[in-house]
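Structure, as structure tokens:
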Amino acid sequence: MFNSRGVRGISVALAILLTAPPGWSWGHDGHRLVAKIAAKNLSPDTRKKVAAILGTNDAGVDAAMADAATWPDEIDKKTTGTGDWHFIDVPVSGVFSVAGLCPQHNCAIDRIQEMSDRLRTNQTGFTLPVTPSPPRPMASQELAFLIHLVGDIHQPLHAANDGDRGGNCENLTKALVHADHSRTTELHAVWDNDEVFTVLKALGNEDAAASALFQRFKSGTPVRQAAVTDWAHESNDLARTDVYQALHIPNRTAPAGQCATNVAKVSIDQRYLDSNVMDTEQQLLRAGIRLSGLLNQICAGTGCEANPSGNSKKK
């Protein structure tokens, strides 16, 4: 995911990237994976309503949700004022707390709640400071943000900070070069992209990976729905262990949105990527199942009745 820290986001077409952007939260592939897992676990009624909002039919829900999942990273986050929506900077140096970390409700936790409330009560009039490009109808915008932000908050470095803007300040000692010649040059992008690439290498393409992870849930892998703050807490805990402790990065502080002084480069190799596969798969599965649970909840009854043109009932 993109961030207004300057660099979190998802690319529409990974193949066109010459360097892996420092902010495609879960990357293009990760967000689509989360959406496709969620689509498999929607109730029939929710699936019908999601199809209507996204302007598709039942057969097209999986693909439409996957496309919607990447839209919040395709629009201009600066002009739309949405950059800070994609993360919450919770320090990894003390007891977990989100108090005071979401000014003007501009963080993933509060915006997930806002989009949920709007869809549940069929509110109209959702606007951004400028019309986003590519365009998307109103109710579809809110659903796209919800799909995307639930994915975002499960990426460990979207809920953590060590005076490094969620890993965006740590450059790599050696770039990770991909088959399409794109390159990962900083730590945040390792978790946005390369950890997901490692999962896909093990499980297959996007559809195969989504099916494999969903089957684990159906076979008994537990996913506790919990609250959004709990999701952020889990991600923060993983960032502490899998990123900062594993890479021996010291505790640092810096003003919000800035890098601490003397941030050292970090070395990332395939062994490190492989060591995080289980946790990355866990987070992708959690995000997908929790997104479906949230949608099934807010779309129950009269929720999610807004149509693609935005001409919904206001309550």
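I'm trying to understand the selection: among the residues of the range 286-315, which are in a loop (DSSP other than H, G, I, E, B), polar (S, T, N, Q) and modelled with pLDDT of 95 or more?
Once the filter is applied, which keeps residues that are in a loop (DSSP other than H, G, I, E, B), polar (S, T, N, Q) and modelled with pLDDT of 95 or more, the range 286-315 yields only Thr302.
Mind listing just one residue for me: the one in the range 127-156 that is within 10 Å of the chain's Cα centre (by Cα) and among the β-branched types (Val, Ile, Thr) and, of those, surrounded by the most Cβ atoms within 10 Å (Cβ to Cβ)?
Ile147
Run Arg165 past the list (1) assigned to a loop (DSSP other than H, G, I, E, B); (2) surrounded by 24 or more Cβ atoms within 10 Å (Cβ to Cβ); (3) out of contact with any Cys (no Cβ under 7 Å at 6 or more places or on another chain); (4) charged (D, E, K, R) and report the number of the one that doesn't hold.
Every condition holds for Arg165 apart from (3).
Taking only the range 275-285 into account, find how many residues are among the hydroxyl-bearing types (Ser, Thr, Tyr), open to solvent by 20 Å² or more (accessible area, probe 1.4 Å) and either under 29 Å from Phe145 (Cα atoms) or not in a helix (DSSP H, G or I) (or both).
Looking only at that region, the number is 0.
Say whether the condition of being touching a strand residue (DSSP E or B) at 6+ places or on another chain (Cβ under 8 Å), over 21 Å from Phe145 (Cβ atoms) and either open to solvent by 60 Å² or more (accessible area, probe 1.4 Å) or aromatic (Phe, Trp, Tyr) (or both) is met by at least one residue in the range 247-265.
Yes, the range 247-265 contains a residue that is touching a strand residue (DSSP E or B) at 6+ places or on another chain (Cβ under 8 Å), over 21 Å from Phe145 (Cβ atoms) and either open to solvent by 60 Å² or more (accessible area, probe 1.4 Å) or aromatic (Phe, Trp, Tyr) (or both).
Looking at Val196, is it over 23 Å from Leu284 (Cβ atoms) and of a type in the set (A, V, I, L, M)?
no
Does Ser211 meet the test of being exposed (fewer than 13 other Cβ atoms within 10 Å of the Cβ) and within 23 Å of Val34 (Cβ to Cβ)?
The answer is no for Ser211.
Can you find even one residue in the range 175-197 that is surrounded by 24 or more Cβ atoms within 10 Å (Cβ to Cβ), at positive phi and part of a loop (DSSP other than H, G, I, E, B)?
No - not one qualifying residue is present in the range 175-197.
Is there a residue being aromatic (Phe, Trp, Tyr) and over 19 Å from Ser292 (Cβ atoms) anywhere in the range 237-244?
yes
Taking the range 227-250, which residues are more than 20 Å from Ala189 (Cα to Cα) and assigned to a loop (DSSP other than H, G, I, E, B)?
Ala227, the sole residue that qualifies.
Do the conditions hold for Gly6, that is, is it modelled with pLDDT under 95 and more than 22 Å from Leu294 (Cβ to Cβ)?
yes
All but one of (1) over 22 Å from the mean Cα position of the chain (by Cα); (2) without any contact (Cβ under 8 Å) to a residue 12 or more places away in the chain hold for Gly204, so report the exception by its number.
It is condition (1) that Gly204 fails.
Exactly one condition in (1) within 29 Å of Gln113 (Cα to Cα); (2) of a type outside the set (Val, Ile, Thr); (3) in a helix (DSSP H, G or I) is not met by Tyr272; state its number.
(1)
The values are calculated or read from the model by the stated rules, or taken from the named source; none is laboratory data. Given the structure is predicted, the values throughout are model-derived calculations rather than measurements. Every residue, glycine among them, receives a Cβ derived from its backbone with ideal geometry; neighbour counts consider all protein chains shown. When the accessible area is computed, the model is the full protein with side chains, heavy atoms only, and any ligands, DNA or RNA have been set aside. Shrake-Rupley method; radii C 1.70, N 1.55, O 1.52, S 1.80 Å.
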